[in-house]
Amino acid sequence: MRAFPWEAAMAFGFGRLRLSSEAFWRLTPRELAAAIGRETGPVRAPLDRASLSALMARFPD
């Protein structure tokens, strides 16, 4: 298991969301994830090999 990325979470919360320290530390992980998702949009899965091959065939440049 990887450690929670606190540096990135704090940078996003304080920087992009402009949260105060008190507001940031009162958030639950689920609330923080929802706030981040609202700003960044849904996370998309990376292309699998078949999808990448189809895309390359469609756009060969």
**Item:** Whole-percent carbon and sulfur share, accessible surface of the chain, 1.4 Å
**Value:** 59 percent
**Fill in**
Taking the dipole of the chain about the Cα centre (Lys, Arg +1; Asp, Glu -1; charges at Cβ), the one of 25, 51, 8 that reaches farthest to the positive side is 51
**Asked** In debye to the nearest 20, how big a dipole does the chain give about its Cα centre with +1 on each Lys and Arg Cβ and -1 on each Asp and Glu Cβ?
**Response** 100 debye
**Prompt:** How far is helix 49-58 tilted off the main Cα axis of the chain, in degrees rounded to 10, range 0 to 90?
**Reply:** 60 degrees
**Asked** So how many Å³ per residue does the convex hull of the Cα atoms of the chain work out to?
**Response** 143 Å³
**Message:** At R0 = 35 Å, how high is the FRET efficiency between residue 38 and residue 61 if r is their beta carbon distance? Nearest 0.05 is fine.
**Reply:** 0.50
**Prompt:** Highest GNM mean-square fluctuation, the chain, Cα pairs closer than 10 Å: which of 35, 11, 50?
**Reply:** 50
**Prompt:** Among all stretches of the chain without exposed trypsin sites (Lys or Arg not before Pro) (DSSP loop, at most 10 other Cβ atoms within 10 Å), which one is longest?
**Reply:** 19-43
**Complete:** Once both label points are put 7 Å beyond Cα along the C-beta direction, the residue 53-residue 2 separation in nm becomes 2.8 nm
**Request:** Could you please report the charge total around residue 27, scoring K, R as +1 and D, E as -1 over all other residues with beta-carbon less than 15 angstrom from its beta-carbon?
**Result:** +2
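The values are calculated or read from the model by the stated rules, or taken from the named source; none is laboratory data. Quick caveat, the model's predicted, so the values are computed rather than measured. As a convention, Cβ positions derive from the backbone with ideal geometry for all residues, glycine included, and neighbour counts pool all protein chains shown. These accessible areas exclude ligands, DNA and RNA; they are computed on the full protein's heavy atoms, side chains included. Shrake-Rupley method; radii C 1.70, N 1.55, O 1.52, S 1.80 Å.
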